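Student: Sharing a structure here in C-alpha cells format.
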C-alpha cells in the first residue's frame, strides 16, 4: 500500500468517525439524518463539555492528514467536517452566552426564545405528534421521549438560572415575548404528546403531561417573575454581558465565514443601504410617489399584492412558484425531486417570528414548505412575496437543501452539511438570480425585491449596532423604521431577534449574496467563453454547504480540472 493509499484509508475512517459524532450531536434535531427521533438534545453544560472534547480530538486527527493528496470529494467533505467540529469545539466555552441547541450552528443567547429553544422545541413537538408505533416496544420508547422532553425543558431552566447567577438576564423588552412563547409551547406540547401517543395507555399519557411536561414548563416560566424583571437590563445586545463582546466578534466570523470585524460589517451595511435606497427612490419617482408611505399606500389598493386570508397569501406565493418553474431550466441542469409549497406558521410562533422559516424536506415526505406568518402577511401589501418565494423555496433554500439531501453521491456529512453563510448566501443569491431570469416582471415586484434587500441590509447595521457598537434598542428600531420597509410588528420582533435571540445570524444573508456573486464572476473570468451558468450552479450545489473560503478552494480545483 502506498503512502497515498494509507492517507486515503485514514481519511475515510476518520470521516466515518466524524459522521458518527455528528449523528450523536445532531440527530435529536428531529430528522437531521433521516432517522426516527430516538433522543432529544442534551442542553446541559456536561453535554456541551462532552461534545467539545469529542470535536477537539477529531480536529486533531483531521489536521494530521495530507489533504492535498486526497481526491476532491474526500478533501471537500473533510473541510465540511472540520467547519462543523470547530463550532462544536466551542460549545462549552460559549455555553453561557451562545447555545447551539440543534447542533447546527444556530447560536442562541437565551434558550426560551423563538429562534433558539423555541425552534428546537417546535421540531421536537412536531416529531412527537407524528409518532407512529410500528413494532413492539415503540409505545414504551414514546413514553420515554415524553419524559425526555420534560428533562429538555428542565435543562433550559438550569441554564437560564445559571445565566442569572452570572449576570446574564433576558432584557426587559424581550420578557413579554419569552412569556408568550412559553405559554404557547406549553399548550402545543400537550397537544403534540396526545396526538403521538395514540398507541400508549391514555391515562399514562395524561399523567406524563400533568406530572412531567406541564410542571417543567411551569418551572421555566416561573423564573421570569417580577423579581427577575426588576434585575433585567433595559439595554439589549450580547455585548453588554461579561465576555459578550469577544463571543460576538467570533460569531461574526462564524456566521459569515469571513475575516471581518463587527465595525467592518457595519460600514458595509451602511454603504449597501445607501445604494438600495437610491434604487427604491428611482422607482417611486417613476410612479409619481413622493415617499415610501405613498408608494405602499398605492400598492395596498392593488388586488395583485393584497390578501386577507391564509388562502389568499398562499395564492400569491403560488404565482411566483409557477413563474420560477417556467424559467428554471435556463439556469440549472436538474430539478430536485421533492415538491415544495407554503403553509401557515404555528400560532405559538407567530408573535416571535417576523416572517417564518423554511421547513426542510424530511425522509417521511413531510416538509418542503415555507412556513409563513399569516398574522403579519395578511395586514400589509405583499410586494416582497416574489423575493421571499425565490429565497425560501426555488431556486433558494428548497432547491439547495432538497438537492443536497437527495444526492446519493455525497458522503452523509456533505449531504446534511449546514453552514449559515452558504445556506443564507445561496438563498439570497437565488433571489437575485431570479431577477436575472425575469422573476420580477412589474415595477412593484422589483420594488418588493429592493424592500427585501433593504431589510436584509439593515440587519448588517442594526445587528452589529446593538451587539457591538452600543446602539440602544430604540436606536435600532428607528433605523429599521426609516430604512427597512417593515411594519411596526416586524420592527419590534426583528430588533429583538438580532439582539436577544440569535445575534450575528442575520449577517450571513447579504454578505453571502455578495460573495456568491463574486465567486461566480471569478469563475467566469477564469473560464472565459467556456463559462456556463448551469455549470457554476452545479459546482456550487454539487458538494453541499461549506464556508466561503472552502467553496472558493473547491471551485478553483474544479475549474482547473475542467
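Student: Count, please, the residues in the range 478-515 that happen to be within 17 Å of residue 428 (Cα to Cα) and part of a loop (DSSP other than H, G, I, E, B).
Tutor: 2
Student: Moving on to the next point. Does residue 263 qualify as being surrounded by fewer than 19 Cβ atoms within 10 Å (Cβ to Cβ) and out of contact with any helix residue (DSSP H, G or I) (no Cβ under 9 Å at 6 or more places or on another chain)?
Tutor: For residue 263, the condition - surrounded by fewer than 19 Cβ atoms within 10 Å (Cβ to Cβ) and out of contact with any helix residue (DSSP H, G or I) (no Cβ under 9 Å at 6 or more places or on another chain) - is not met.
Student: May I ask you to list pairs of residues, at least six apart or on different chains, whose Cβ atoms are under 7 Å apart, with the first in the range 390-411 being within 12 Å of residue 429 (Cα to Cα) and outside the structural domain of residue 320 (by TED's automatic domain parsing) and the second being surrounded by fewer than 22 Cβ atoms within 10 Å (Cβ to Cβ) and at pLDDT below 95?
Tutor: Note: no pairs meet the criteria.
Student: Taking the range 154-183 on its own, how many of its residues are touching a helix residue (DSSP H, G or I) at 6+ places or on another chain (Cβ under 9 Å), within 19 Å of residue 218 (Cα to Cα) and in a helix (DSSP H, G or I)?
Tutor: Of the residues in the range 154-183, 18 are touching a helix residue (DSSP H, G or I) at 6+ places or on another chain (Cβ under 9 Å), within 19 Å of residue 218 (Cα to Cα) and in a helix (DSSP H, G or I).
Student: Among the numbered conditions (1) in contact (Cβ under 8 Å) with a residue 60 or more places away in the chain; (2) within 30 Å of residue 158 (Cβ to Cβ); (3) in contact with a helix residue (DSSP H, G or I) (Cβ under 8 Å, 6 or more places away or on another chain), tell me where residue 26 comes up short.
Tutor: (3)
Student: In the range 127-144, what residues are in a helix (DSSP H, G or I) and surrounded by fewer than 21 Cβ atoms within 10 Å (Cβ to Cβ)?
Tutor: Once the filter is applied, which keeps residues that are in a helix (DSSP H, G or I) and surrounded by fewer than 21 Cβ atoms within 10 Å (Cβ to Cβ), the range 127-144 yields 129, 138, 139, 140, 141, 143, 144.
Student: Within the range 234-248, which residues are touching a helix residue (DSSP H, G or I) at 6+ places or on another chain (Cβ under 6 Å) and either assigned to a helix (DSSP H, G or I) or closer than 14 Å to residue 87 by Cα (or both)?
Tutor: Correct list: 238, 239, 244, 245, 248.
Student: What number of residues in the range 210-225 are in a helix (DSSP H, G or I) and without any contact (Cβ under 8 Å) to a residue 40 or more places away in the chain?
Tutor: So the count comes out to 5.
Student: When you scan the range 318-432 for helices (runs of 4 or more DSSP H) that lie fully inside it, which ones turn up with 2 or more residues that are surrounded by 21 or more Cβ atoms within 10 Å (Cβ to Cβ) and at positive phi?
Tutor: Where helices (runs of 4 or more DSSP H) fall fully within the range 318-432, none carries at least 2 residues being surrounded by 21 or more Cβ atoms within 10 Å (Cβ to Cβ) and at positive phi.
Student: Let me confirm something: among 315, 299, 285, which residue is outside any loop (DSSP other than H, G, I, E, B), in contact with a helix residue (DSSP H, G or I) (Cβ under 6 Å, 6 or more places away or on another chain) and surrounded by fewer than 22 Cβ atoms within 10 Å (Cβ to Cβ)?
Tutor: 299
Student: Which one of the conditions (1) at pLDDT 95 or above; (2) within 22 Å of residue 124 (Cα to Cα) does residue 35 fail to meet, given that it meets all the rest?
Tutor: With respect to (1) at pLDDT 95 or above; (2) within 22 Å of residue 124 (Cα to Cα), residue 35 is out only on (1).
Student: A further question follows. Could you please tell me which pairs satisfy a Cβ distance under 7 Å, a separation of 6+ or placement on different chains, a first residue in the range 338-363 that is farther than 25 Å from residue 324 by Cα, and a second residue that is modelled with pLDDT under 85 and assigned to a helix (DSSP H, G or I)?
Tutor: 350/375
Student: Here's a follow-up. For the range 484-499, name all the residues that are over 20 Å from residue 172 (Cα atoms) and surrounded by fewer than 22 Cβ atoms within 10 Å (Cβ to Cβ).
Tutor: Passing the criteria: only 487.
The values are calculated or read from the model by the stated rules, or taken from the named source; none is laboratory data. Only a predicted model underlies this, so the values are computations on that prediction, with no experimental measurement involved. Cβ sites come from the backbone with ideal geometry, for glycine too, and all protein chains shown count toward neighbours.
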